[in-house]
Amino acid sequence: MLEVKQIKKAFGDCVANADVSFSVKKGTIHAIVGENGAGKSTIMKIVYGLYRPDAGEVRFDGKPVNIRTPHDAIGLGIGMVHQHFMLVDTMTVAENIILGAETGSAISLDLDEARERVRSLSAELKLNVDPDALIEDLSVGAQQRVELLKALFRNANFLILDEPTAVLTPQEVAEFFAILRRMKSQGKTIVIITHKLEEVLAISDKVTVMRDGTVVGTVETATTNSAELARMIVGRDVLLRVEKGEANPADVILEVAGLRIERKHGPPVEDVSFTVRSGEIVGIAGVEGNGQTELIECLAGLIRPNAGSIRFSGRDITNANAREVKELGIGHIPEDRLKRGLLKNSDLAENSILGTHYKPPIAAAGFIDSAAVAARVSGIIERFDVRPTDPSLAARSLSGGNQQKLIIGREFELEPKLLLVSQPTRGVDIGAIEFIHRKLVELRDRGAAVLLVSAELEEVTALADRLLVIRDGKIVGEVDPRTATIEEIGLLMTGG
Ligand SMILES: Nc1ncnc2c1ncn2[C@@H]1O[C@H](COP(=O)(O)OP(=O)(O)O)[C@@H](O)[C@H]1O
Ligand SMILES: [Mg+2]
């Protein structure tokens with residue numbers, strides 16, 4: 001159905017696609033994997049007419065095609081759902097679907113007709129989208145289904161999905177995959193860009209691996225496995241399992257008792273009591289939105305509890321603020337690195353001193369010591385393998401994995417006694433995941449306590465020495481991560 005041949009595309013000095021060739025068969029689900037920056041989005045944006053290639057050929061449905069704009073692509077029945085949604089929050093689903101501003105061609109249909117069509121498309125694929133709902137009232141998962149509907153409304157039978165699952169909860173991913181399978185059974189062709197290997201193995205028929213702007217290979221999903229894919233992606237053997245010895249837990253350093261935190265959405269965090277010892281990693285598994293975010297933010301001094309107590313090293317820190325908490329030796333790697341972890345528009349140097357910018361060695365007598373900042377940032381870049389290595393780059397220009405390494409490096413530089421860490425590898429590529437996992441285990445082995453929240457069950461069971469499960473704001477169980485099965489933990493998480 002689609003064939004790209006020797007496509008080249010550079011942005012200035014940056015070669016995004018050096019030589020990309022592969023083909024996608026009609027009626028299949030074709031995955032494209034590769035680390036951040038491998039050139040995946042670029043090649044598919046070329047197919048969708050958002051970029052013009054510098055060289056190479058695109059063939060569609062057996063014929064060479066010249067796709068100059070998304071309008072041309074849509075004319076051929078090609079649709080694309082982007083990593084970042086392009087919906088207008090204050091308008092309804094049907095209004096958004098009619099708009100389709102990106103093509104520049106308003107579809108002349110009256111709203112009633114459009115609502116009917118949205119309703120029937122939604123019913124046909126069990127998308128569960130109400131044409132009259134306002135976008136701002138929809139969950140992220142539902143907004144994504146609206147984006148899908150937008151493409152289907154334009155009669156797309158070849159759909160390009162750029163990292164569609166990055167923003168979804170595990171349940172939403174399962175529902176989303178069921179929708180993709182229904183679309184495939186209707187004869188549609190789907191290209192899905194992702195960097196989650198379990199997803200590739202679960203959903204695709206074939207998978208193309210890209211690295212550094214080229215295609216490393218295209219393989220049948222049924223004949224490959226995650227170790228082989230990981231090797232192709234990174235270009236070397238990758239440890240998918242976390243290598244760690246037995247923990248040597250020492251004294252209790254964190255003691256949480258009867259904690260209660262009211263929440264805007266959902267039941268409060270309630271009756272939460274647990275301890276963490278120095279030298280151990282305690283994991284908290286749970287479906288996102290069950291109170292783990294608020295719990296960690298409360299321990300980090302960002303929000304106050306409504307009842308209960310928090311003791312750290314024998315000292316009451318229940319009402320301590322973020323700076324006081326940090327001063328005591330508690331590090332925090334927040335789940336939303338762009339909102340809470342970094343100043344996107346500031347450079348790496350400034351980001352490397354956030355939270356310690358007011359005191360020695362960074363500041364003295366009210367002045368920031370630029371030599372100390374330079375030493376701090378270059379130390380982090382080197383020890384935490386942050387790329388590119390230029391301290392004057394804005395944080396936003398780094399890939400997710402490198403942003404995360406910068407934040408982790410900054411917190412590790414303070415050698416925390418307790419590290420609070422949420423979703424440490426979300427949206428991070430495989431090589432960086434291995435690195436981050438190793439760093440967390442090393443910190444534990446130096447005697448620090450780690451409290452780890454992750455929605456990735458494999459991650460939390462592999463890293464944690466003890467594992468708590470949170471549901472509806474309450475700790476509903478503790479399991480031994482060495483012996484508990486994923487199914488058992490999943491049942492506790494969902495109450496099924
Ligand atoms: N519009 C652009 N301008 C400049 N550089 C870009 C642009 N789009 C992508 N790049 C660069 O091209 C490379 C490949 O990017 P991309 O195709 O987005 O990778 P992927 O989707 O695999 O993460 C990256 O180094 C990226 O910074
Ligand atoms: Mg991309």
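Quick rundown of the values:
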{"quantity": "Set Lys25, Lys9: member being assigned by TED's automatic domain parsing to the domain that holds Val216, within 16 Å of ligand 2 (Cβ to nearest atom), among the charged types (D, E, K, R) and at negative phi", "calculated": "Lys9"}
{"quantity": "Residue check for Lys417: within 21 Å of Asn345 (Cα to Cα) and surrounded by 13 or more Cβ atoms within 10 Å (Cβ to Cβ)", "calculated": "no"}
{"quantity": "Positions within segment 27-51 being farther than 15 Å from Asp212 by Cβ and touching a residue at least 40 places away in the same chain (Cβ under 8 Å), in sequence order", "calculated": "Gly27, Thr28, Ile29, His30, Ala31, Met44, Ile46, Val47, Tyr48, Tyr51"}
{"quantity": "Unmet criterion (only one of (1) farther than 19 Å from Pro334 by Cα; (2) in contact (Cβ under 8 Å) with a residue 40 or more places away in the chain) for Val252", "calculated": "(2)"}
{"quantity": "Whichever residue in segment 17-26 is of a type outside the set (Gly, Ala, Ser) and part of a strand (DSSP E or B) and, among such residues, is farthest from Asp212 (Cα to Cα)", "calculated": "Val24"}
{"quantity": "Single unsatisfied condition, Val191 versus (1) at pLDDT 95 or above; (2) more than 17 Å from Val81 (Cβ to Cβ); (3) of a type in the set (A, V, I, L, M, F, W, C)", "calculated": "(2)"}
{"quantity": "Of the criteria (1) in contact (Cβ under 8 Å) with a residue 40 or more places away in the chain; (2) more than 16 Å from ligand 2 (Cβ to nearest atom), which one Arg145 fails", "calculated": "(1)"}
{"quantity": "Out of Val47, Val81, Val118, sole residue that is β-branched (Val, Ile, Thr), within 16 Å of ligand 2 (Cβ to nearest atom) and within 17 Å of Lys150 (Cα to Cα)", "calculated": "Val81"}
{"quantity": "Single unsatisfied condition, Gly56 versus (1) modelled with pLDDT of 95 or more; (2) within 12 Å of ligand 1 (Cβ to nearest atom); (3) farther than 20 Å from Leu229 by Cα", "calculated": "(2)"}
{"quantity": "Options Glu335, Glu350: the member that is modelled with pLDDT under 90 and either over 30 Å from Val287 (Cβ atoms) or in a loop (DSSP other than H, G, I, E, B) (or both)", "calculated": "Glu335"}
{"quantity": "Residue check for Lys359: over 22 Å from the mean Cα position of the chain (by Cα), basic (Lys, Arg), within 27 Å of Glu297 (Cα to Cα) and in the same structural domain as Glu280 (by TED's automatic domain parsing)", "calculated": "yes"}
{"quantity": "Meets criteria (surrounded by 13 or more Cβ atoms within 10 Å (Cβ to Cβ) and either touching a Pro at 6+ places or on another chain (Cβ under 9 Å) or of a type in the set (A, V, I, L, M) (or both)) for Ser378", "calculated": "yes"}
{"quantity": "Number of the condition not met by Pro70 [criteria: (1) within 16 Å of ligand 1 (Cβ to nearest atom); (2) more than 25 Å from Pro131 (Cβ to Cβ); (3) in contact with a helix residue (DSSP H, G or I) (Cβ under 8 Å, 6 or more places away or on another chain)]", "calculated": "(2)"}
{"quantity": "Exclusive hit being at pLDDT 90 or above, more than 19 Å from Glu288 (Cβ to Cβ) and in a loop (DSSP other than H, G, I, E, B), set Gly447, Gly409", "calculated": "Gly447"}
{"quantity": "Sole residue being surrounded by 14 or more Cβ atoms within 10 Å (Cβ to Cβ) and either among the hydroxyl-bearing types (Ser, Thr, Tyr) or out of contact with any strand residue (DSSP E or B) (no Cβ under 8 Å at 6 or more places or on another chain) (or both), chosen from Arg241, Arg211, Arg236", "calculated": "Arg211"}
{"quantity": "All positions within segment 187-217 that are assigned to a strand (DSSP E or B), closer than 21 Å to Ala156 by Cα and within 14 Å of ligand 2 (Cβ to nearest atom)", "calculated": "Val191, Ile192, Ile193"}
{"quantity": "Segment 365-401: number of residues that are free of Cβ contacts under 8 Å to residues at least 40 places away in the same chain, assigned to a helix (DSSP H, G or I) and not aliphatic (A, V, I, L, M)", "calculated": "7"}
{"quantity": "Qualifying helices (runs of 4 or more DSSP H) (wholly inside segment 27-127; at least 3 residues being closer than 30 Å to Ile433 by Cβ)", "calculated": "40-47"}
{"quantity": "Qualifying residue in segment 12-19 (condition: modelled with pLDDT under 95, closer than 29 Å to Leu398 by Cα, buried (at least 17 other Cβ atoms within 10 Å of the Cβ) and of a type in the set (D, E, K, R))", "calculated": "no"}
{"quantity": "Number of the condition not met by Gly355 [criteria: (1) surrounded by 14 or more Cβ atoms within 10 Å (Cβ to Cβ); (2) not in a loop (DSSP other than H, G, I, E, B)]", "calculated": "(2)"}
{"quantity": "Residue match in segment 210-225 (condition: within 15 Å of ligand 1 (Cβ to nearest atom), in contact with a Lys or Arg (Cβ under 7 Å, 6 or more places away or on another chain) and not polar (S, T, N, Q))", "calculated": "yes"}
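The values are calculated or read from the model by the stated rules, or taken from the named source; none is laboratory data. Given the structure is predicted, the values throughout are model-derived calculations rather than measurements. Ideal geometry is used to build each Cβ from the backbone, glycine not excepted, and the neighbour counts take in all protein chains shown.
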